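Chemist: First the structure, which I've put down as structure tokens, then a few questions once you've had a look.
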């Protein structure tokens, strides 16, 4: 008799520890390209200055590449924890921008920043879980 059992919810993080880092790299990269390619329309839609979107986009390209390289490597967990901390710093900074309106965003722009922070904190938590199970 054969018995089938459902995999544990943590099997994705255990068998593929780089999965959440790869997802982070892809999401960050897509966002970065949008910031670079559509800085003007984004500024019109969300408020702020197109130059700010371009600057953030350039930073995000570099971050996406670094996280993507980590996701495909066998680097130590310490590097992974550095990425988790970087993501958490991004979340705190994003919430500060939304609360203080540091970039002169309109309401939709501040809502976008908060939504983006929610995605990043979720990724950071999933990354941390995968690192703990490594």
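The values are calculated or read from the model by the stated rules, or taken from the named source; none is laboratory data. Since this is a predicted model, take the numbers as computed values, not measurements. Virtual Cβ from ideal backbone geometry, glycine too; neighbours counted across all protein chains shown.
Chemist: Which condition from (1) surrounded by 15 or more Cβ atoms within 10 Å (Cβ to Cβ); (2) under 25 Å from residue 38 (Cβ atoms); (3) modelled with pLDDT of 95 or more is the one that residue 127 breaks?
Modeler: (2)
Chemist: State all residues of the range 121-134 that are in contact (Cβ under 8 Å) with a residue 60 or more places away in the chain and part of a helix (DSSP H, G or I); if no residue qualifies, say none.
Modeler: 123, 126, 127, 129, 130, 131
Chemist: Next up: Residue 97: more than 19 Å from residue 23 (Cα to Cα), buried (at least 16 other Cβ atoms within 10 Å of the Cβ) and either in contact (Cβ under 8 Å) with a residue 12 or more places away in the chain or touching a strand residue (DSSP E or B) at 6+ places or on another chain (Cβ under 6 Å) (or both), yes or no?
Modeler: Here the answer is yes, as residue 97 does meet what is asked.
Chemist: Separate question: When you scan the range 60-74, how many residues do you find that are surrounded by fewer than 14 Cβ atoms within 10 Å (Cβ to Cβ) and under 13 Å from the mean Cα position of the chain (by Cα)?
Modeler: Residues in the range 60-74 being surrounded by fewer than 14 Cβ atoms within 10 Å (Cβ to Cβ) and under 13 Å from the mean Cα position of the chain (by Cα): 1 in total.
Chemist: Identify, from the list 82, 40, 55, the residue that is modelled with pLDDT of 95 or more, out of contact with any helix residue (DSSP H, G or I) (no Cβ under 8 Å at 6 or more places or on another chain), over 18 Å from residue 124 (Cα atoms) and in a helix (DSSP H, G or I).
Modeler: 55
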